[in-house]
Amino acid sequence: TMVPPIMALSGKYLLYVTTDLNISRSAFTLANTVLQSLGIFLSPLVSRRLAEGNLRRIQTLSVLGYCISYFSYSLATRPLHLYVSAFALGIFYLNATLIPVSMVVTNWFSKHRGLAMSLAMAGIGVGGTIFSPLLTFLLENYGWRSAYRIMSLVILGLALPAALFLIRKKPEDMGLRPLGADDGPLGGQNKAETGTSMQISFEQARLRPFFWLLLAGMLTNGLINAGALGHFPPAIQESHGAVIQATVISLYSSVSIGGKLLLGWINDRFGVLLTEKERSDLATLIYYPTEKLAL
């Protein structure tokens with residue numbers, strides 16, 4: 001409920017807001033840039049705070065802050081108002097969505113963790129599939145200001161009860177153990193995968209190519225995803241109308257559901273497959289970074 005309005009659906013407002021406020025399209029999209037950029041600087045701080053603090057309380061307050069910030073878009077009369085709302089929304093978005101969900105899944109699942117994470121992330125596709133036609137109906141019949149307000153109330157009604165009554169940071173909070181915790185390391189997954197599971201500090205990671213390759217991959221994926229979702233909704237609407245645009249976004253979102261579930265199963269089934277020598281070299285490389293190895 002909280003990720004699709006930021007990622008898949010934010011571009012649906014573009015034509016309506018820019019026409020009504022008589023501002024450029026780049027002025028509108030800059031608001032989403034402000035929101036997304038906060039993740040670069042705040043994610044480490046948010047992760048540490050969620051790990052050490054009361055996740056349910058933080059997430060509940062963040063859901064409330066998210067909905068108020070999203071509602072505040074409807075009050076904008078010039079671009080500066082959009083940027084202030086985006087800044088506030090970005091802070092609450094980080095505290096309420098992907099980071100806490102990832103923590104909860106990691107804490108609750110030793111076995112089938114990849115599938116569990118895929119199921120959680122597949123919810124983003126479900127939300128986009130359902131909300132796309134709903135938001136189009138609201139924009140076409142009630143205008144963009146009312147659409148922001150109604151969507152914020154819909155999100156509040158769905159997300160707040162989950163944060164209050166369903167989410168638990170750790171299974172130990174309910175007298176339980178993670179799924180597969182009694183099956184050995186990482187829920188008894190294959191030997192190749194468990195052999196590469198090790199703690200590594202940031203200082204060790206930042207000296208290694210895999211760390212920067214991972215960041216480069218995340219950056220590229222963000223450019224592709226955010227760029228496409230930010231621009232093709234208004235382009236399709238101008239060419240083919242709001243109904244076709246809503247259908248395309250729903251299809252885009254629904255395809256991602258199957259893709260995420262498939263990748264989760266592949267991760268659980270095969271893991272990271274290394275030979276004995278590769279595993280030994282990897283361990284040496286991590287724990288003794290000054291030693292030169294030909295990998």
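The values are calculated or read from the model by the stated rules, or taken from the named source; none is laboratory data. Not measured: the values here are computed from a predicted model. With ideal geometry, Cβ positions are generated from the backbone for all residues, glycine too; neighbour counts draw on all protein chains shown. Quick note on the areas: whole protein, heavy atoms, side chains included, nothing else; ligands and nucleic acids left out. Shrake-Rupley method; radii C 1.70, N 1.55, O 1.52, S 1.80 Å.
Please verify whether Val46 is touching a helix residue (DSSP H, G or I) at 6+ places or on another chain (Cβ under 8 Å), open to solvent by less than 30 Å² (accessible area, probe 1.4 Å), farther than 22 Å from Leu153 by Cβ and not hydroxyl-bearing (Ser, Thr, Tyr), treating the condition exactly as stated. If you could, list the steps in order and put the result at the bottom.
On the way: touching a helix residue (DSSP H, G or I) at 6+ places or on another chain (Cβ under 8 Å): yes; open to solvent by less than 30 Å² (accessible area, probe 1.4 Å): yes; farther than 22 Å from Leu153 by Cβ: yes; not hydroxyl-bearing (Ser, Thr, Tyr): yes.
Answer is yes for this residue.
Of all residues in segment 238-267, how many are assigned to a helix (DSSP H, G or I) and either open to solvent by less than 30 Å² (accessible area, probe 1.4 Å) or of a type in the set (Lys, Arg) (or both)? Within segment 238-267, residues that are assigned to a helix (DSSP H, G or I) and either open to solvent by less than 30 Å² (accessible area, probe 1.4 Å) or of a type in the set (Lys, Arg) (or both) number 8.
Looking only at segment 49-63, filter to residues that are surrounded by fewer than 16 Cβ atoms within 10 Å (Cβ to Cβ) and of a type in the set (A, V, I, L, M); which one of those is modelled with the highest pLDDT? Restricting to residues being surrounded by fewer than 16 Cβ atoms within 10 Å (Cβ to Cβ) and of a type in the set (A, V, I, L, M), the top hit is Leu61.
Looking at segment 108-130, which of the residues that are in a loop (DSSP other than H, G, I, E, B) and not charged (D, E, K, R) is surrounded by the most Cβ atoms within 10 Å (Cβ to Cβ)?
Among those that are in a loop (DSSP other than H, G, I, E, B) and not charged (D, E, K, R), it is Ser110.
Would a scan of segment 76-83 turn up a residue that is under 16 Å from the mean Cα position of the chain (by Cα) and of a type outside the set (A, V, I, L, M, F, W, C)? Please lay out each step first, then the result.
At the first step, the residues of segment 76-83 found to be under 16 Å from the mean Cα position of the chain (by Cα) are none.
There is no residue in segment 76-83 that is under 16 Å from the mean Cα position of the chain (by Cα) and of a type outside the set (A, V, I, L, M, F, W, C).
Among the residues making up segment 221-232, those that are without any contact (Cβ under 8 Å) to a residue 60 or more places away in the chain and open to solvent by less than 70 Å² (accessible area, probe 1.4 Å) are Gly227, Ala228.
Of the residues Arg168, Arg149, Arg145, which single one is closer than 15 Å to Thr1 by Cα and either open to solvent by 50 Å² or more (accessible area, probe 1.4 Å) or not aliphatic (A, V, I, L, M) (or both)? Give the steps one after another, and end with the answer.
Working: Arg168 fails: closer than 15 Å to Thr1 by Cα; Arg145 fails: closer than 15 Å to Thr1 by Cα.
None of the other options fit; the residue is Arg149.
Quick check on this structure: which one of Gly217, Gly187, Gly230 is in contact with a Gly (Cβ under 9 Å, 6 or more places away or on another chain), modelled with pLDDT of 60 or more and either assigned to a helix (DSSP H, G or I) or not acidic (Asp, Glu) (or both)? Even if it seems obvious, please write down each step before you answer.
Values: Gly217 fails: in contact with a Gly (Cβ under 9 Å, 6 or more places away or on another chain); Gly187 fails: modelled with pLDDT of 60 or more.
Unique residue meeting the criteria: Gly230.
Of all the numbered requirements in (1) open to solvent by 60 Å² or more (accessible area, probe 1.4 Å); (2) within 18 Å of Thr1 (Cβ to Cβ); (3) of a type outside the set (S, T, N, Q), Leu94 misses one, and that requirement is (1). Summed over segment 76-91, the residues that are open to solvent by 30 Å² or more (accessible area, probe 1.4 Å) and in contact (Cβ under 8 Å) with a residue 40 or more places away in the chain give a count of 6.
Residues are listed down the side, and each one gets a yes or a no for (1) modelled with pLDDT of 75 or more; (2) in contact with a strand residue (DSSP E or B) (Cβ under 7 Å, 6 or more places away or on another chain); (3) not small (Gly, Ala, Ser):
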residue	(1), (2), (3)
Ser197	no, no, no
Phe202	no, no, yes
Arg206	yes, no, yes
Phe211	yes, no, yes
His240	yes, no, yes
Ile244	yes, no, yes
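Counting only residues that are exposed (fewer than 15 other Cβ atoms within 10 Å of the Cβ), among the hydroxyl-bearing types (Ser, Thr, Tyr) and more than 13 Å from Trp144 (Cβ to Cβ), segment 13-32 holds 2 of them. Picking from residues in segment 97-107 that are within 26 Å of Pro5 (Cβ to Cβ) and either touching a residue at least 40 places away in the same chain (Cβ under 8 Å) or of a type in the set (A, V, I, L, M, F, W, C) (or both), the one that is most open to solvent (accessible area, probe 1.4 Å) is Leu98.
For Leu153, indicate whether it is more than 20 Å from the chain's Cα centre (by Cα) and not in a helix (DSSP H, G or I). So that I can check it myself, show each step before the final result.
Working: more than 20 Å from the chain's Cα centre (by Cα): yes; not in a helix (DSSP H, G or I): no.
Taking the combined requirement at face value, the residue does not satisfy it.
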